[in-house]
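The values are calculated or read from the model by the stated rules, or taken from the named source; none is laboratory data. Note that the coordinates shown come from a computational prediction; the quantities given were computed from them, not determined experimentally. Positions of Cβ are generated from backbone atoms using ideal geometry, with glycine treated the same way; all protein chains shown enter the neighbour counts.
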Amino acid sequence: MRMRNHPIFFGLLLLAAIGLFFVLAAYAVLTAAKGEAFLPTGGPKIAVVEIEGIIGDSRDVNEQLDAYEKSDDVRAVILRINSPGGGVVPSQEIYDKVLKLRERKTVVVSMGVLAASGGYYIASAADRIVANPGTVTGSIGVIMQFSQVDELLEKIGLKARVIKSGIYKDTGSPLRDMTDEERLILQEMVDDIHNQFIEAVLANRDIPREKLMKISEARVFTGRQALEEGLVDELGGFEDAVAVAADLAGIEGEPTILYPRKRGGLLHYLLGEAASALSEALVKNDMNISYLYRGGLPSLSR
């Protein structure tokens, strides 16, 4: 019996094949959307997790770290950090996840152009930190910024009226100047979060408290300066970080490197750009406390 002589049967078979294709395609999209990585079989592996740009959400990174923690084949994880930092809470959430991962896997940080503030906060949780000589890192500090528009409103003839249930309810409002008492309250908050940063570094880096206090005023360092201060362990690029991770994890020979799955397509690009812009807007939003380096970067030019 030839299939072409039975068009109904052939049509049903073709529809089933098309349906299966779309199911598999949908599964691939959903898997990529969750940040899950493809794990080839056989042999010990080193996984790479990228932390890029302003840190506004921890979910994607932490999902990847969870997946690699559960994989018996993954012996080490490299955090490739190229970030100025970002929100306090997502930085702390990724930091906590890295500490948990270290209980089962080797974790090595490879610093890119910039790994400052919240980026360094996360890096401090790793077993080893590798920085390029020209990497900008450090910035162990906290920032809170406000806008004030009351004088502008007065110039254009607008007045604001606020009804509140407590004297501190509109602390940081752009509609009025801040009182000395409010400024003191917010400064105490910033100081406490700064101390949390310092405690995290002290818990993981072999730096005396007295020395760390001298360099924890949000100053940035080059990778080479950071090595002298004990903020990083050695100088090198990504390949050097791979060699360090393989050595610490006891991997002999050439390790298999698992890179993050790249999500392609115009839709993903647009969604990614929108998410990045939203994260930056949230971090820059008034009354937001951030582990964020806001300075410029050195460049080599003719």
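Is it the case that the range 179-189 has a residue that's at negative phi, touching a residue at least 40 places away in the same chain (Cβ under 8 Å) and not charged (D, E, K, R)?
yes
Return a yes/no flag: does the range 147-164 have any residue that is surrounded by 11 or more Cβ atoms within 10 Å (Cβ to Cβ), among the β-branched types (Val, Ile, Thr) and either without any contact (Cβ under 8 Å) to a residue 12 or more places away in the chain or in contact with a strand residue (DSSP E or B) (Cβ under 8 Å, 6 or more places away or on another chain) (or both).
no
Can you pull out every residue in the range 78-108 that is of a type outside the set (D, E, K, R), touching a Phe, Trp or Tyr at 6+ places or on another chain (Cβ under 8 Å), closer than 26 Å to Asp240 by Cβ and in contact (Cβ under 8 Å) with a residue 60 or more places away in the chain?
Listed by number, the residues that qualify are Ile78, Pro84, Gly85, Ser91, Tyr95.
Against the definition (surrounded by 11 or more Cβ atoms within 10 Å (Cβ to Cβ) and more than 30 Å from Val107 (Cβ to Cβ)), how does Leu202 come out, yes or no?
No, not satisfied.
Residues in the range 135-145: is at least one at pLDDT 95 or above, exposed (fewer than 13 other Cβ atoms within 10 Å of the Cβ) and not in a loop (DSSP other than H, G, I, E, B)?
Within the range 135-145, not a single residue is at pLDDT 95 or above, exposed (fewer than 13 other Cβ atoms within 10 Å of the Cβ) and not in a loop (DSSP other than H, G, I, E, B).
Any chance the range 213-227 includes a residue that's free of Cβ contacts under 8 Å to residues at least 60 places away in the same chain, assigned to a loop (DSSP other than H, G, I, E, B) and among the small types (Gly, Ala, Ser)?
No, there is no match, as no residue in the range 213-227 is free of Cβ contacts under 8 Å to residues at least 60 places away in the same chain, assigned to a loop (DSSP other than H, G, I, E, B) and among the small types (Gly, Ala, Ser).
Residue-wise test of (1) surrounded by 20 or more Cβ atoms within 10 Å (Cβ to Cβ); (2) modelled with pLDDT of 70 or more.
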site	(1), (2)
Asn5	no, no
Ala17	no, no
Val29	no, no
Gly43	no, yes
Gly85	yes, yes
